[in-house]
Amino acid sequence: MKRRIFMKAAALGTFGALWGGHVGAQSVALEPAETQGGKKWFDLEKVPLEGRAWTDEERLAPYDRFPKRWMEKIPGGVAANARHSAGMALRFSTNSKNIWIRYENTSSDLAMYHMSALGKSGFDLYGRDDDGTFRYIKAIQAGAKAEALIGEGLPSEKMREYILYFPLYNGVRSAFVGVSEDAEFQLVARSEKPILFYGTSIVHGACASRPGMPHPAILARRLDLPFWNFGFSGCGKMERIMADAFGELDPSVYVIDCLPNMNPNLVAQNAYPFVKRLRELRPATPIVLVEDRVFPCSWTQPGRAQFHRDNHAALKKVYENLLADGVTNLFYILGEALLPPDGEGTADNSHPNDYGFVYQANAMEPTLRKALGRGAAE
C-alpha cells in the first residue's frame, strides 16, 4: 500500500532562540516518539531533514528524493535512484553523552563490488567542535535492520550541534535517533539556501567510504550550507524535465555535473536547452557547469583520452554559446582538475575514493565561493 508522507516544520514545535550563536540556525523543540530503557527516541520521518526537498508534499516513501508527483514524471532510472537517501541529513543539537540510531534499510543488498556496506548503506555522524568546525565522529552499518551506538562518551557540558548523514546507495524504511533520557534534544533548522548538486553516480556518492565523504557533503561543511544531492547513478543526462523540476526549488547555486553519463552528441543536444530552461525559471541563481573527470587510466587508452577531450569540448562550446546569448551568472570547472595527477584518486578508474573526493572538493571550492559571492577559497 502506498504511504502518504507529508512534512511540515510548523507542526513540530516552537522555534527557540538561535542555537549556540550560530547564524542562520534556529532550534526546534521536539517530543520523543517513545522513551524506554533510559533512552528517548525521535522518529526522523516526522522531522524536516536537510537534503529532502519539497518538504510539504506527498511522498511515496519518506526518504525519497522527489515527491510523488515528480516521481511519476521524471525518467525511470532517475526515479529508481531517487529511492536512495543520498544527501539527506539530520541536523540536531543535544547534550547527551551517547547517541544511538535505530534504522531499517529498504534493501538487504548492503554493499557493491567497489563500495563497502558502510558507504553504500550506512549512517555517518559529525559534530561541531568548540571552534565551529564539523568533525567526523563515527559511521555505522550494523545490518539491514539494527540498533547501534553511533556516538559514545561525547562532551555533554553544553548543547552541541551534530549532523547525521543518511545512506548513499540504499533507501531507508525507518530511522530513529536516541539520546539519554535526561538529555536535551533539539532540531537545528537552517535558513540558508542549499547548494543543489545534479549529476551522476559520482555526485550520488560512489565510491565514498562513508556518507559524509562525497564532495557535495565536504563542500557543504566547508561552506557551512545545507545541500541537496541529486546524483543519479547512470542517469545524469540533463533532460528538460529535470530542469523543470529543479527550477521549482530555490538553491543558493546549481552545480551541474552530468558529463560522466553523457557523450558529445548528447551534450550538444541537451545541455544548452537544459541551462536555458533553468535560467528561465531561476533568472538570478548562479549555475556552475562541470566537465567530466578524466579516467586515471586514460594515459594507457588513447581512445578514452580522446573521448574526454571531445566531451569537454562539447560542454565548453555550449558554455560559450550560452554566454554569447546573454546568459549571466554562469561558471565553469575544468575536468582535468577534478582528480589528483598521481592516479590514486579512484576506486575503479572512474569513481572517486575518499582521496579523490577531497581533491574534487578542493578543485570546486574556489568556483563555488566565487559563485556565492564569498571570494577566493580560504
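The values are calculated or read from the model by the stated rules, or taken from the named source; none is laboratory data. Model, not experiment: these values are computed from the prediction. Reconstructed Cβ throughout: ideal geometry from the backbone, glycine too, with neighbour counts over all protein chains shown. In case anyone asks, the SASA skips ligands and DNA or RNA and just uses the protein heavy atoms, side chains included. Shrake-Rupley method; radii C 1.70, N 1.55, O 1.52, S 1.80 Å.
Here is a list of conditions, (1) open to solvent by less than 30 Å² (accessible area, probe 1.4 Å); (2) at pLDDT below 95; (3) among the hydrophobic types (A, V, I, L, M, F, W, C), and Trp299 meets all of them except one; can you say which number that is?
(1)
Considering Glu58, Glu45, Glu72, which residue is free of Cβ contacts under 8 Å to residues at least 12 places away in the same chain, surrounded by fewer than 22 Cβ atoms within 10 Å (Cβ to Cβ) and within 30 Å of Gly234 (Cβ to Cβ)?
Values: Glu58 fails: free of Cβ contacts under 8 Å to residues at least 12 places away in the same chain; Glu45 fails: free of Cβ contacts under 8 Å to residues at least 12 places away in the same chain.
Criteria check complete, one pass: Glu72.
Show me the strands (runs of 3 or more DSSP E) entirely contained within the range 163-210 in which 3 or more residues are closer than 30 Å to Gly345 by Cα.
Details: elements: 172-180, 185-190, 195-199.
Of the strands (runs of 3 or more DSSP E) lying wholly inside the range 163-210, those with at least 3 residues that are closer than 30 Å to Gly345 by Cα span 195-199.
So, of the residues in the range 75-90 that are open to solvent by 10 Å² or more (accessible area, probe 1.4 Å) and not hydrophobic (A, V, I, L, M, F, W, C), which turns out to be nearest to Ala243 (Cα to Cα)?
Kept after step one, since they are open to solvent by 10 Å² or more (accessible area, probe 1.4 Å), are these residues of the range 75-90: 75-77, 79-81, 83-84.
Still in the running and not hydrophobic (A, V, I, L, M, F, W, C): 75-77, 81, 83-84.
Values: Pro75: 12, Gly76: 16, Gly77: 16, Asn81: 17, Arg83: 19, His84: 20 Å.
Restricting to residues being open to solvent by 10 Å² or more (accessible area, probe 1.4 Å) and not hydrophobic (A, V, I, L, M, F, W, C), the top hit is Pro75.
So which residues in the range 302-330 are open to solvent by less than 50 Å² (accessible area, probe 1.4 Å) and touching a Leu at 6+ places or on another chain (Cβ under 7 Å), if there are any at all?
Asn311, Leu315, Tyr319, Leu322, Leu330
List the pairs whose first member sits in the range 86-99 and is under 27 Å from Cys207 (Cβ atoms), whose second member is aliphatic (A, V, I, L, M) and part of a loop (DSSP other than H, G, I, E, B), and whose Cβ atoms are under 8 Å apart, counting only residues at least 6 apart or on separate chains?
Going by the 8 Å Cβ cut-off, the qualifying pairs are Ala86/Leu168; Met88/Leu49; Ala89/Leu49; Leu90/Val47; Leu90/Leu49; Ile99/Leu154.
Restricting to the range 348-370, count the residues that are crowded, with 19+ Cβ neighbours inside 10 Å and among the charged types (D, E, K, R).
Residues that pass the stated criteria total 1.
Looking for whichever is of a type in the set (Asp, Glu) and over 18 Å from Phe197 (Cβ atoms) here; the options are Glu365, Glu344. Which one fits?
Details: Glu365 fails: over 18 Å from Phe197 (Cβ atoms).
So the residue among Glu365, Glu344 that is of a type in the set (Asp, Glu) and over 18 Å from Phe197 (Cβ atoms) is Glu344.
Under 8 Å between Cβ atoms, at least 6 apart or on separate chains: pull out the pairs that start in the range 305-321 with a residue that is free of Cβ contacts under 8 Å to residues at least 40 places away in the same chain and end on any residue that is open to solvent by 20 Å² or more (accessible area, probe 1.4 Å) and not aromatic (Phe, Trp, Tyr).
Qualifying pairs under 8 Å: Ala305/Val294; His308/Val294.
Let me confirm something: among Gly345, Gly335, Gly373, which residue is loosely packed, with under 13 Cβ neighbours inside 10 Å and either under 18 Å from His215 (Cα atoms) or modelled with pLDDT of 95 or more (or both)?
On the way: Gly345 fails: loosely packed, with under 13 Cβ neighbours inside 10 Å; Gly335 fails: loosely packed, with under 13 Cβ neighbours inside 10 Å.
On inspection, the qualifying residue turns out to be Gly373.
With the checklist (1) surrounded by fewer than 23 Cβ atoms within 10 Å (Cβ to Cβ); (2) farther than 26 Å from Asn362 by Cβ in hand, flag the one item Asn261 doesn't pass.
(2)
Out of the range 109-155, which residues are over 23 Å from the mean Cα position of the chain (by Cα), open to solvent by less than 40 Å² (accessible area, probe 1.4 Å) and more than 16 Å from Gly171 (Cβ to Cβ)?
Scanning the range 109-155 gives Ala148, Leu154.
Of all the residues that make up the range 1-57, how many are modelled with pLDDT of 50 or more and among the hydrophobic types (A, V, I, L, M, F, W, C)?
Final tally of qualifying residues: 12.
Name the residue, out of Arg190, Arg210, Arg160, that is among the charged types (D, E, K, R), at pLDDT below 95 and open to solvent by 10 Å² or more (accessible area, probe 1.4 Å). Walk me through it before giving the result.
Working: Arg210 fails: at pLDDT below 95; Arg160 fails: at pLDDT below 95.
Just one listed residue meets the conditions, Arg190.
Please pick out the residue among Val203, Val253, Val288, Val294 that is farther than 24 Å from Thr55 by Cα and open to solvent by less than 40 Å² (accessible area, probe 1.4 Å).
Values: Val203 fails: farther than 24 Å from Thr55 by Cα; Val253 fails: farther than 24 Å from Thr55 by Cα; Val294 fails: open to solvent by less than 40 Å² (accessible area, probe 1.4 Å).
Being farther than 24 Å from Thr55 by Cα and open to solvent by less than 40 Å² (accessible area, probe 1.4 Å) holds for just one of Val203, Val253, Val288, Val294, which is Val288.
From the set of residues in the range 30-42 that are touching a residue at least 12 places away in the same chain (Cβ under 8 Å), assigned to a loop (DSSP other than H, G, I, E, B) and not hydrophobic (A, V, I, L, M, F, W, C), which is surrounded by the most Cβ atoms within 10 Å (Cβ to Cβ)?
Residues of the range 30-42 touching a residue at least 12 places away in the same chain (Cβ under 8 Å): 30-33, 35, 38-42.
Cutting the leftovers down to assigned to a loop (DSSP other than H, G, I, E, B) gives us 30-33, 38.
Applying the additional criterion that residues be not hydrophobic (A, V, I, L, M, F, W, C) yields 31-32, 38.
Working: Glu31: 11, Pro32: 17, Gly38: 10.
For the range 30-42, the residue satisfying everything is Pro32.
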